[in-house]
């Protein structure tokens, strides 16, 4: 798997979200992606379908594992918000 792909997490809707800043030498030059950027298959970004490329680069097992880890992290965040601030 390409190192640049490690900066992304696949979403349940098939899109990819950048989790940390990354730089990639794409077919039309250097591509810099900021955290929070979201890419959908079929969308061309700087002359490049980044989501399709990520689908090819990241093995299916890694995509599923990342989704499970992410959903567990999001679940903990919701639980923490529900619990509210700790009392002194």
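Taken together, the values in this text are just the output of simple stated rules run on the coordinates, not laboratory data. These numbers were taken from a predicted model, which means no experiment stands behind them. Please note: Cβ atoms are built from the backbone with ideal geometry, for glycine as well, and neighbour counts cover all protein chains shown.
Figure the gain on full extension for residue 49 and residue 34 (residue separation times 0.36 nm, minus the Cα-Cα span) and round it to one decimal in nm. Full-extension gain reported as 3.8 nm. Working from label points 7 Å from Cα in the Cα-to-Cβ sense, the residue 13 to residue 57 distance is 2.2 nm.
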